Amino acid sequence: MKNIVLFASGGGSNAERIMQYFTGSNEVTVAALFSNNPAAGALSIAERYMVPIVVFNKEQLTAGGVLLKVQGFNPSLLVLAGFLWKLPEAFVAAFPNKIINIHPALLPKYGGKGMYGINVHRAVFENKDAESGITVHYVNEHYDEGAVIAQHSVPVDGCRTPEAIALKVQVLEHEYFPKVIADVLNISI
Ligand code: GRF
């Protein structure tokens, strides 16, 4: 059995899709959901799926307590599903090529510090890009700079607001992120 540990800071729609996708799998378990935000919607979703939750603060992350708790779940893969903090170097080093993230744009465009949520889609909109999409990538100690695993794009030239772009990108997230995770784990659902 391969264990996934999720990290989420917000609403958790991607975390929910992942929990849904692997429900009933005899190869993969979503072992836990970690969050830095005690009010994260992702936490109540995890409880609904009976996935153990761990809420932590910055000190617990930087001092190594979170690292020990994650190791306790014996993860094959750590999946950042809307996690807003940069992981400490020591944390990333403890899980070489085992941490992946989804970014709601076609990296290297629109990545880096501050480029999250509607900020990304607003930049795409203001630049009048014809397309946007998602990037799933390995995580290193810099925001959004790890090796790309998969990208999927969608036309957005007809979108009249950044929110409309966000909705089209979210469809890709929900369709592809669980499948990319299954591919990374070399399992077929
Ligand atoms: C998504 O847009 C994802 O690409 C980004 O953070 C957002 C999380 O949304 N990394 P949700 O909390 O999964 O709905």
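Selection of region 151-189 for residues being acidic (Asp, Glu) and either assigned to a loop (DSSP other than H, G, I, E, B) or on the phi > 0 side of the Ramachandran plot (or both) yields only ASP157. Within the span defined as region 31-49, every residue fails to be of a type in the set (D, E, K, R), within 16 Å of the ligand (Cβ to nearest atom) and touching a residue at least 24 places away in the same chain (Cβ under 8 Å). Select from region 133-150 the residues that are more than 12 Å from the ligand (Cβ to nearest atom) and either assigned to a strand (DSSP E or B) or at positive phi (or both) and list them in ascending order. Listed by number, the residues that qualify are TYR138, VAL148, ILE149, ALA150. If LYS58 meets every condition in (1) under 18 Å from TYR143 (Cβ atoms); (2) within 16 Å of the ligand (Cβ to nearest atom); (3) of a type in the set (Lys, Arg) apart from one, which number is that one? (2) is the only condition that LYS58 fails.
Let's see how each residue does on (1) within 16 Å of the ligand (Cβ to nearest atom); (2) in contact (Cβ under 8 Å) with a residue 60 or more places away in the chain; (3) under 14 Å from the mean Cα position of the chain (by Cα); (4) not in a loop (DSSP other than H, G, I, E, B):
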| residue | (1), (2), (3), (4) |
| --- | --- |
| VAL66 | no, no, no, yes |
| LYS69 | no, no, no, yes |
| VAL79 | yes, yes, yes, yes |
| GLY82 | yes, yes, yes, no |
| LYS86 | yes, no, yes, no |
| ALA90 | no, no, no, yes |
| ILE100 | yes, yes, yes, yes |
| LYS109 | yes, no, no, no |
| HIS121 | yes, no, no, yes |
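With respect to GLY146, determine if the residue is free of Cβ contacts under 8 Å to residues at least 60 places away in the same chain, touching a helix residue (DSSP H, G or I) at 6+ places or on another chain (Cβ under 7 Å) and small (Gly, Ala, Ser). No: the conditions fail for GLY146.
Laboratory data are not the source of any read-out in this text; all were calculated from the coordinates shown. All of these numbers come straight from a predicted model, not from anything done at the bench. Every residue, glycine as well, gets a Cβ built from its backbone with ideal geometry; the counts of neighbours run over all protein chains shown.
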